[in-house]
1. With segment 221-319 as the region, which helices (runs of 4 or more DSSP H) entirely inside it contain at least 2 residues that are modelled with pLDDT of 95 or more and within 13 Å of the ligand (Cβ to nearest atom)?
2. In this structure, does L470 turn out to be crowded, with 21+ Cβ neighbours inside 10 Å and over 16 Å from G542 (Cβ atoms)?
3. Identify the single condition in (1) farther than 19 Å from K591 by Cα; (2) crowded, with 20+ Cβ neighbours inside 10 Å; (3) more than 16 Å from the ligand (Cβ to nearest atom) that R18 does not satisfy, given that it satisfies every other one.
4. Go through (1) surrounded by 21 or more Cβ atoms within 10 Å (Cβ to Cβ); (2) within 27 Å of the chain's Cα centre (by Cα) for I356 and report which single condition fails.
5. Let me confirm something: among E154, E171, which residue is out of contact with any helix residue (DSSP H, G or I) (no Cβ under 6 Å at 6 or more places or on another chain), within 16 Å of the ligand (Cβ to nearest atom) and open to solvent by 60 Å² or more (accessible area, probe 1.4 Å)?
6. All but one of (1) open to solvent by less than 50 Å² (accessible area, probe 1.4 Å); (2) in a strand (DSSP E or B) hold for T176; which doesn't?
7. Residues being more than 32 Å from the chain's Cα centre (by Cα) and of a type in the set (A, V, I, L, M, F, W, C): count how many of those fall in segment 673-698.
8. Would you call N515 of a type in the set (S, T, N, Q) and open to solvent by 10 Å² or more (accessible area, probe 1.4 Å)?
Amino acid sequence: MINTKNLYKDICRVLKARHGVSLKDATPHMLAEAVAQASLLQLGDDWTKSRQKLEKQRFAAYLSAEFLTGRAILNNLLSMGVMEELKELLAKKGVDINVLEEEKDPALGNGGLGRLAACFLDSAATLDKPLMGYGLKYRYGLFEQRINGFDQTEAPDEWFTQDDNWTVRREELSVTVPLEDGEVKAVPYDMPVVGYGTDTVGTLRLWQTESPDEFSFALFNDYRYDEAILNKNRAEDITRVLYPNDWNTEGKRLRLKQEYVLSSASIQDILRTYERTHTSYRSLPECAAVQLNDTHPVLAIPELIRLLTEKGVRFETACGYAQRIFAFTNHTVMPEALEAWDMKLVESVSSRIAAILRRLDRRSKRLYGLPLIRDGRVHMADTAVCMSYAVNGVAKIHSELVKTQLFPDWYARFPERFQNKTNGVTQRRWLALCNPELTKLLDDIAGGDFVKDLDLLDGVKPTAKAAKALGELKKTKKQQLSRWLKEEKGLDVPPEFAFDIQIKRLHEYKRQLLNALSLYDIYMDIKEGKLKDLPPVAFLFGGKAAPGYARAKAVIRYINALADRVAADKDVNRRMRICFVPNYNCSAAEKLIPAADFSEQISPAGTEASGTGNMKLMMNGAVTIGTWDGANIEIAQAAGEENEFIFGARIEELDSIRETYDPKQIYESDERVKRAVDSLTDAGFPDEDGALKELKTSLLEGASWHRPDQYFLLKDFASYREARLKAYRLYAQDKKAFDMMCLKNVLAAGFFSSDRTIRQYCQEIWKI
Ligand code: 26Q
């Protein structure tokens, strides 16, 4: 356990040593740095011990191109169990601990998949499970989103120029990664993952690429400076920037290099650990499990085989080991998101890896009758399924789709490999850290340390008194959010409104456009004097569009244009408000989620693998307005269907109408639909490049690559309106009943702790 007074003393010492200032004169920036360094000092022994322990037993490695960790300082203070006492010690010197919120939020991930990886590390450390995270240390994280007029623009996010206080460079553990155009050096930077209420400190190891001979002396002495620089850049380019998931990475050589560096460096590291205590590779599968977070690190499979065969292991033996070491998680059913690399490209990055992939393809055809390479492209998901002992989806419905839609042939051959692991989220960050008010309430009514074990909420009686208290504290969280929106983003959102929130990456399948079109419909109704029984509602959106994704960007334009229209309309703006929160990220989520009354989870059935924002919102007492999709289903089942507002076509129905679906018919016959869809072109919203018009075309005519309205916005439009009106009316007419629904959601959130998910991975996949 960390002693707060010692930590405090170290903070003061670091400030003196590095800046020559005392606590009360430190800038927030100095303080952030000092807290990090003092924490690392205090955690040092525990961290070393945890690592030694991990290396002595069977462990699991979580390979992921993304770890969306969020801010570290306050989270780590919480996990170290020093938050309250340190807060008081600092306050005595006139320092508000909340100045540490100025820490920059490292955006080393796109969204759900990266955040899930971070939640998993937190849970594993808390449960004392030996799990090591392996990722990449991008110099630029996901771009910073700005709103210019109504449109998104992107700015680079250079996260660690100032705030890289938590990684420790481990020069001595550097490895060399062979690439076709020369070797690069991969240097690991370790980040501690502090378990909550335990001495375990896990490790997130992030690789950064550098030139193997930093100055390329030979070239330098030859006065060939530009060549020397070129080499340096060629290496450093690899981990320079995180790719946004626009799924248009066809032919992106640099992305493939990233994936290979992550794979190679991590596997080399794992083998090195193993070799310290073993002389043969026979027991490698008993010592390590390697979880592949989607296909991004799948080159780890041929890389392991390459390294083992180069050490003298027979090819077939190495394949057998791989098939007992690797496990694969799929995170999406979108066909366009399944990675398939051109073999010529692979060849140009690593001819050895290309050769092994071809051999694996022949082996797969021979043994299982199933190819891995088709039309000259290697299918990463097929490779993963072929070479793994376990394959899992991330929610019940999704794991069924993985079997029946994505890999039916593999499922027929290896049914025993296929599993489900419904996602979860860590209640440390997503409850204790972001919502201390609710945490306090639960302390009072649940007792026990549910921050450590969320299942303690299971048997708790939902009383009217607790429901009321929840309603009251939500008011506080809304006031805090409203203030933050004003101060940080310059946005006006009245805190006394109901808050309806949709926060997630912008994507057509997530249907932010359905939400916005439905808001246009509600807006026009209110303007016409209808819907007088609705409470005032603020509709908040947050999310980034991939820079090359024109339609997603058009949706942002439409939302902002509509927001502007509504705010300026005196007939309506006391009844509704629309607000697009720029630069949605982890820290914004921590503000938004505790203030939500309604959680928008409106993907068409069968498209959202799981969702995890839905869980965070539920845990904080929002009710779901959602479709029968992803983890929404399990959320509704856990909290009771009567405590959510479920709408829309189910998957069977969508499957049966897909071929004959005619959205134009709905457009022609439903006046509300027509009015809303026409607003894209006829409401006077600025649309110089015709992007809004193209949205309308995509709904009514389709495009060369898809049917009209491929995500069934018009199909679900009416039932969506009905569900949301019912939800808002309950809020207005029976706040007691509404608060009770919220409370029942909170109390049912135990299952959605990533602690439960990690326990299942440990028992059913990793055997640790
Ligand atoms: C791929 C190739 C090239 C460049 C980028 C990518 C790429 C990067 C990130 C592709 C996909 C992603 C991220 C996917 C993702 O976040 N999926 C979400 O995963 C969550 C955790 O399982 C689920 O809850 C969500 O339903 C799913 O959408």
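The values are calculated or read from the model by the stated rules, or taken from the named source; none is laboratory data. All figures in this text were calculated on a predicted structure; none of them were measured in a lab. Glycine also receives a Cβ, built like all others from the backbone with ideal geometry; neighbour counts cover every protein chain displayed. For the accessible areas, the whole protein counts, side chains as well, though only heavy atoms, and no ligand, DNA or RNA atoms are used. Shrake-Rupley method; radii C 1.70, N 1.55, O 1.52, S 1.80 Å.
1. So the answer is 253-275.
2. Working: crowded, with 21+ Cβ neighbours inside 10 Å: yes; over 16 Å from G542 (Cβ atoms): yes.
For L470, the condition - crowded, with 21+ Cβ neighbours inside 10 Å and over 16 Å from G542 (Cβ atoms) - is met.
3. For R18, the exception is condition (2).
4. (2) is the only condition that I356 fails.
5. E154
6. (1)
7. Residues flagged as more than 32 Å from the chain's Cα centre (by Cα) and of a type in the set (A, V, I, L, M, F, W, C) within segment 673-698 amount to 3.
8. no
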